[in-house]
Amino acid sequence: MSTKTDAAPREVRARLRRFEFGAYGLYVLTAGLIIFVFGNDRNDWFLLVSWTLVFPFSAIADKHALMLDYHPAFPMLVDETPWMIPFAFGAFFTLPLLPVWHFGLLAEFGLWLQAAIMLAVGTVFSAVVELSSSSTGMYRYHWPKRWLIAGTPWIVPIIDGLMYTLTYLGHGYLVGVTQGLALLPAFALSYGVYAALFCALALVNTVIIRGLLRLNPVDE
């Protein structure tokens, strides 16, 4: 039986597989660091698993707020969302934050300065990841060309930088409030906070992008 994956040129399929296994590999690396380097801290697991399970909301946000779709040759999980997306999402929002927390890289700064640094660093990191991915055709943003840099809207890394900042602040809050809770209530609270932060930012993005800027999907 012919499938979209089979129909794609061999070099495209190979590139997609490298992207997929790269996402899985980073996820395994993140889990390995939590276990073997950072003391198997349950708050780190809450962070990783929560962001992994946020993918249903991210799939909606990708399609309706950020107006992107993934290459059709990816093996799809649900609603045109590739299988690797939950793992890529989990690693993307967890791996960079682990050394920040455990090595106390920002501990000497005030909270507002910490947030500003996270916003700047998160924006730069996202720009590198986004531009290296969208420019190779892994996914496509259906935005007017005037908004795009190498296939990525210039505003997207800023949005990701804001999400990193909210995650950083949320994690700091959750470490304190879940300390005395049993495992399941602590995880439920953590997941609820991370999912709420993501959905709130996605809603704001939708209002700005589709409402104020009046941008709609295009096929330029």
> Hey, if you put +1 on the Cβ of every Lys and Arg and -1 on every Asp and Glu Cβ in segment 4-212, which of Ala195, Trp51, Gly25 ends up farthest toward the positive end of that dipole?
Replying inline: Gly25
> Which residue, chosen from Asn40, Gly110, His71, occupies the Cα position most advanced towards the positive end of the dipole of the chain, where the dipole is computed from +1 (Lys, Arg) and -1 (Asp, Glu) charges on Cβ about the Cα centre?
Replying inline: His71
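Fewest to most neighbouring Cβ within 10 Å: what's the order for Thr136, Thr167, Thr81?
Numbers: Thr136 16, Thr167 23, Thr81 20.
Ranked by crowding around the Cβ, least crowded first: Thr136, Thr81, Thr167.
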>> 5 Å is the cut-off here: which amide hydrogens, built 1.01 Å from N in the peptide plane, fall below it relative to Ile149, excluding neighbours closer than 5 in sequence?
In response: Trp154
> With a 10 Å Cβ neighbour count serving as the proxy for reagent exposure, in which order, fewest first, do Glu108, Glu20 appear?
Replying inline: Glu108, Glu20
>> Checking the a/c ratio against 1.5 first, then a/b against b/c, what shape does the Cα gyration tensor give for segment 41-165?
In response: oblate
>> What is the angle, in °, between the Cα long axis of helix 55-64 and the longest principal axis of the Cα atoms in the chain? Nearest 10 is fine, range 0 to 90.
In response: 40
>> I need the phi-derived Karplus couplings for segment 145-160: 6.51 cos²θ - 1.76 cosθ + 1.60, θ = phi - 60°, integer Hz, Gly and Pro marked x.
In response: 4, 5, 8, 9, 10, 6, x, 10, x, 4, 7, 5, x, 5, 4, 5
>> Nothing charged except the Cβ atoms of Lys and Arg (+1) and of Asp and Glu (-1): what's the magnitude of the dipole of the chain about its Cα centre? Round to the nearest 20 debye.
In response: 360
>> I want to make sure I understand the PRE zone here: with the label point 7 angstrom from the Cα of Asp79 toward its beta carbon, which residues in segment 24-61 have backbone N atoms less than 17 Å away?
In response: 51-61
> Across all directions of projection, what mean area in square nanometres is found for the Cα convex hull of the chain?
Replying inline: 13.4
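Taken together, the values in this text are just the output of simple stated rules run on the coordinates, not laboratory data. These figures come from a predicted structure and were not determined experimentally. Cβ atoms come from the backbone with ideal geometry, glycine included; neighbour counts cover every protein chain shown.
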